[in-house]
Each structure stands twice: as C-alpha cells, then as structure tokens.
Amino acid sequence: MLTRKVELFVGLFLLTGLLAFCVLVFNVANVELKSSKETYTLRAEFNNIGGLKVRSPVKVGGVVVGRVSKITLDNKKLVPVVTLTMDKEFNQFPETSSLSILTSGLLGEQFLGLTPGFMDDDIEMLADGDRVHDTRSALILEDLIGQLLYSVSSKDN
C-alpha cells in the first residue's frame with residue numbers, strides 16, 4: 001500500500017514538472033494559447049528585415065499591441081512585406097504612424113516599434129488591410145562594423 005502511494009506521488013510530481021516545462025517553453029517562444037481577441041491586419045514594406053520573425057511583437061512604448069503574422073517577398077519590387085496582426089482595442093493609430101525594426105538589447109530579439117503619427121482632422125486612422133508607408137529597416141550589426149572598419153582604413157590612407 002505504501003509503495004502505491006509513493007508511485008502515485010512520483011507520478012504526480014513528474015506530471016507537474018512536465019506541465020511546468022511546457023509553460024516555460026510557451027513563454028520563451030512567445031506563444032499564446034488564447035486567441036479570442038478581435039484583430040485587424042496591417043502591411044508594411046521594408047528594405048531589410050534583418051532577423052525579424054513571425055510572432056515577433058509589435059510594441060508601442062514597450063507595450064505589445066500586435067504580432068508579426070506573415071513575412072513574404074513582393075515579387076515585383078523584391079522587398080520584404082510584413083503582415084501585422086494588431087489587437088482591435090488598439091485601433092486609433094493615424095495613417096502618419098511609422099514602423100521601425102528594433103532590437104531588444106545589443107544582441108536580443110528583433111521586434112517592430114510602432115510610433116504613432118500626428119493626429120489632425122484630415123488624417124484617417126489605420127484600418128484593416130491598410131499599409132504603413134513610413135518604415136525604417138533593421139540595423140545590421142555586421143554592416144555597421146564593416147562601415148566602421150572601412151572608414152577607419154580610408155582615414156589611414
């Protein structure tokens with residue numbers, strides 16, 4: 001009888017550990033199991049998206065207001081097109097807003113920073129399917145280092 005209780009407690013302990021591990025994996029991967037929120041989509045074109053990935057957050061002042069849902073290549077312009085899924089509760093961004101690809105820390109993950117534009121009576125709000133025209137591409141660390149080395153070597157000559 002005592003052996004059965006020990007086996008039951010060990011089994012519950014292992015099951016709890018496995019459940020905690022799954023929660024940790026979902027949190028690290030930024031996976032949300034709930035998707036009942038209403039959303040709308042926006043599109044943006046960039047020259048270079050760097051290491052931006054699907055499910056990367058869209059932030060305004062550090063607050064997550066949406067996620068990257070799709071990354072494709074425009075066949076005619078040959079530039080990356082990023083599709084964003086935005087929470088419907090954050091639908092008051094003017095069409096003069098801008099998107100920048102930013103990095104968390106020096107070598108952290110990349111995310112989209114949305115900067116709200118100025119509001120005026122003539123300016124409309126971004127709606128489902130709209131395109132954000134003002135975009136700033138990712139800064140690539142290797143490119144910056146290369147430019148630094150090139151400028152140092154050209155000063156030596």
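Every read-out reported here was derived from the displayed coordinates using simple, explicitly stated rules and does not represent laboratory data. The structure presented is a predicted model; accordingly, all values stated were derived computationally and were not measured. Virtual Cβ from ideal backbone geometry, glycine too; neighbours counted across all protein chains shown.
The figures follow:
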quantity: Amide H within-cut-off set for Val79, under 5 Å, with H built and near neighbours excluded; calculated: Asp74
quantity: Region 6-86 shape via C-alpha gyration tensor axes, a/c threshold 1.5; calculated: prolate
quantity: Three-way shape call for the chain based on the alpha-carbon gyration tensor, with the a/c threshold at 1.5; calculated: oblate
quantity: Karplus-derived 3J(HN,Hα), 6.51/-1.76/1.60, for each residue of region 84-100, Hz, glycine and proline x; calculated: 10, 10, 9, 5, 4, 5, 10, 10, 10, 9, x, 5, 8, 5, 10, 10, 10
quantity: Footprinting exposure proxy for Val81, Val152 (fewest neighbouring C-beta atoms within 10 Å first); calculated: Val152, Val81
quantity: Neighbour-count ranking [beta-carbon atoms within 10 angstrom, fewest first] of Arg55, Arg67, Arg4; calculated: Arg4, Arg55, Arg67
quantity: Cut-off under 5 Å, modelled amide H: who pairs with Lys59 long-range; calculated: Val65, Leu112, Gly113, Leu114
quantity: Sequence-distant residues sharing a close amide H with Thr96 (under 5 Å, placed H); calculated: Gly117
quantity: Helix-only mean residue ellipticity at 222 nm for the chain, each DSSP H run of n ≥ 4 adding -39500 (n - 2.57), per residue, nearest 500; calculated: -9500 deg cm²/dmol
quantity: Overall form of region 65-157 per C-alpha gyration tensor (a/c, 1.5; a/b vs b/c); calculated: prolate
quantity: Fraction of antiparallel bridges per DSSP, the chain only, in percent to nearest 5; calculated: 75
quantity: Rounded to whole Hz, the Karplus (6.51, -1.76, 1.60) HN-Hα couplings of region 71-78, x for glycine and proline; calculated: 10, 10, 10, 5, 5, 8, 8, 6
quantity: Neighbourhood charge, 15 Å Cβ-Cβ cut-off, centred on Phe93 and excluding it, Lys, Arg +1 and Asp, Glu -1; calculated: -4
quantity: Order of Glu142, Glu45 - criterion: other Cβ atoms within 10 Å of each residue's Cβ, fewest first; calculated: Glu142, Glu45
